[in-house]
Structure formats: structure tokens, C-alpha cells
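Worksheet for the structure shown next.
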Amino acid sequence: MNVHELIDAGAIFFCSHSGGKDSQAMYAYLRTIVPDHQIVVVHADLGEVEWQGVQDHIWSTVTHGVNVVRANKTLLGMVEQRGMWPSAAYRQCTSDLKRGPIMKFIRQYLKDRGLKLGVNCMGIRAEESAARAKKEPYRYNKAESCGHRDVWDWMPIFDWSTRQVFDYIRAVGQEPFWAYADGNERLSCVFCIMGSVNDLRHGAICNPELYRQYVELERKIGHTMFMKGKEPISLEEHTGIRLEDLERG
Ligand code: SF4
């Protein structure tokens, strides 16, 4: 089935909303093609590691309710337990803290209402990275489907440029989360294992207490979030921001 057939068949479109610009634009776009009663907004709450105020931002930019889901563990707890940070190749953080809880919500939502068709909508774009560009923007999700449930994965804004995303948000009369105007390029965890130095620095300046927790956790487990070539590099070296300098102001 294609997207239009799924809409006509009454499928539920689950809009995975991180609070970032791509989710915001995707939600606004979905509303132009999917009837409101077939859209459900879901946010995977990352707790202390996400930008404070991001959930308020989601609530203020959607006309639906926001279903907040949480994993039964935290990112920092997971890192401490494993003694390792996740890596781009092994993104246990995304699968355990976001994808897992959102898929669980989708399964339960459909089951509770006796519904069969679900579409997991994600604001992933090809332009973001070479790995993302290789993804299939629309596919039947075999692993999540079974005799009584059919689930598709869809990236509705896969081909959009960054400029298009910001323009679309403004065209619908909204603003992206404040951290973009303040200097952030992307938004999710304040300190993402794949974040740019720019975003990590900005995150540290805006969230010194959280920065301290990351720096101290690196020291405690003896494993760093980043590598410089083949050598580990501490978060402080990577960002060029020493904890004591930040705390001194
Ligand atoms: S934003 Fe980065 S660190 Fe946070 S869950 Fe996603 S990949 Fe992991």
C-alpha cells in the first residue's frame, strides 16, 4: 500500500516528535495530507539529557495532545552500567531510549483500539548524513508487523533541505525551538555522541550542570564520548571548554 492508500484505509500516522526542527516541519506537513483524527503525536522523553523546555515547545506547536513515552532506563545510567558511551555504529541510545519506547507505544495504541494499520513517521532527512541518505524513506516494517498489525516506516521530509525545513516552519507561522536561533545546528540530546563541536559547546554554555555530569562520567568510567583519529579525546578537550572555566563563569 502507498501512503495515500493508507490514509484512505484509516491508518494511524504516529508522528515521532523530538521537538527539533525536522519533527516540527514534518508535523505541519503531515497535517496537510493526513486527517487530524489519524495523526498521533509521540515524544520519547530523554529526561535530564534533553533540552529543558523542549516538551513545552512541542505542546505549543501542535494541535494534538502529546503522548510522552519513556524507557525504563536513562542515557547516563546506561552509559555508567556499560562503562562505555554509545557510538555512531552502535547507537544503543537511539534504539533503547527512542525507537523502542515509541514502537511499544504504537503496538499498544493499535491493540487497545482494535486497529490494524500504523505508520511510524520520522523526521529523518537525507541531507543530514551519508548514512541517512542511504535509508529507505518508505518501507513496510516486517519486524513490527504480524497477523493482526501492519506497520510502515515513513520519512515524509526525507528530500527536504535544511533551508526548506526552516522556511516551512516560518510559513506555517511558527518558530523553531529557541536553541537554533541561539546557535544550535541540531537538537536532541544536549550532548549527542554525533553532535558537532558547535552544538556541544553551545550545550555546555547553556547547560553547565549537565556538562559537569558528562565530564565526570567520562572520568569515572574511563571511556570518552569522542575519538580524535584513533585516540580517545575527552569531552573537555573536544569542546575546548574546561569544567572549571565554565563553572568560574
Ligand atoms: S541524540 Fe545522540 S546521544 Fe541522544 S539518543 Fe540520539 S544518537 Fe544517542
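All of G123, G147, G77, G118 fail the test of being closer than 25 Å to Q24 by Cβ, out of contact with any Phe, Trp or Tyr (no Cβ under 7 Å at 6 or more places or on another chain) and of a type outside the set (A, V, I, L, M), apart from G123.
Residue by residue, here is whether (1) within 12 Å of the ligand (Cβ to nearest atom); (2) in contact (Cβ under 8 Å) with a residue 24 or more places away in the chain; (3) among the aromatic types (F, W, Y); (4) touching a His at 6+ places or on another chain (Cβ under 7 Å) holds:
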{"residue": "W59", "(1), (2), (3), (4)": "no, no, yes, no"}
{"residue": "T74", "(1), (2), (3), (4)": "yes, yes, no, no"}
{"residue": "R82", "(1), (2), (3), (4)": "no, no, no, no"}
{"residue": "Y90", "(1), (2), (3), (4)": "yes, no, yes, no"}
{"residue": "T94", "(1), (2), (3), (4)": "yes, no, no, no"}
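Would you call K142 surrounded by fewer than 15 Cβ atoms within 10 Å (Cβ to Cβ), within 13 Å of the ligand (Cβ to nearest atom), more than 24 Å from P232 (Cβ to Cβ) and of a type in the set (D, E, K, R)? Spelling it out, it is not the case that K142 is surrounded by fewer than 15 Cβ atoms within 10 Å (Cβ to Cβ), within 13 Å of the ligand (Cβ to nearest atom), more than 24 Å from P232 (Cβ to Cβ) and of a type in the set (D, E, K, R).
Going through (1) within 30 Å of V165 (Cα to Cα); (2) basic (K, R); (3) modelled with pLDDT of 95 or more one by one, K111 falls short only on (1). Report whether or not T32 is part of a helix (DSSP H, G or I) and at pLDDT 95 or above. Answer is yes for this residue. Once region 210-244 is narrowed to residues that are at pLDDT below 95 and part of a helix (DSSP H, G or I), the residue that is surrounded by the fewest Cβ atoms within 10 Å (Cβ to Cβ) is E244.
Okay, residues lined up against (1) in contact with a Gly (Cβ under 9 Å, 6 or more places away or on another chain); (2) loosely packed, with under 15 Cβ neighbours inside 10 Å:
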position: Q55; (1), (2): yes, no
position: S60; (1), (2): no, yes
position: T74; (1), (2): yes, no
position: C93; (1), (2): no, no
position: K98; (1), (2): no, no
position: K104; (1), (2): no, yes
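Take V62 and decide whether it is under 11 Å from S18 (Cα atoms) and not assigned by TED's automatic domain parsing to the domain that holds L200. Answer is no for this residue. Among the residues making up region 77-86, those that are in a helix (DSSP H, G or I) and either more than 25 Å from S129 (Cα to Cα) or at pLDDT below 95 (or both) are G77, M78, E80, Q81, R82.
Is it true that some residue in region 154-162 is of a type in the set (G, A, S) and surrounded by 20 or more Cβ atoms within 10 Å (Cβ to Cβ)? Within region 154-162, none of the residues are of a type in the set (G, A, S) and surrounded by 20 or more Cβ atoms within 10 Å (Cβ to Cβ). Would you check if there is a residue in region 29-42 being surrounded by fewer than 17 Cβ atoms within 10 Å (Cβ to Cβ), outside the structural domain of T224 (by TED's automatic domain parsing) and touching a residue at least 60 places away in the same chain (Cβ under 8 Å)? For region 29-42, residues surrounded by fewer than 17 Cβ atoms within 10 Å (Cβ to Cβ), outside the structural domain of T224 (by TED's automatic domain parsing) and touching a residue at least 60 places away in the same chain (Cβ under 8 Å): absent.
Out of curiosity, is E247 farther than 29 Å from R31 by Cα, at pLDDT 95 or above and not polar (S, T, N, Q)? For E247, the condition - farther than 29 Å from R31 by Cα, at pLDDT 95 or above and not polar (S, T, N, Q) - is not met.
Across region 13-57, the number of residues qualifying as under 13 Å from the mean Cα position of the chain (by Cα) and basic (K, R) comes to 1.
The values are calculated or read from the model by the stated rules, or taken from the named source; none is laboratory data. As the structure is a prediction and not an experimental result, all values here were calculated from the model. Quick reminder, even Gly has a Cβ in these numbers, built from the backbone with ideal geometry, and neighbours come from all protein chains shown.
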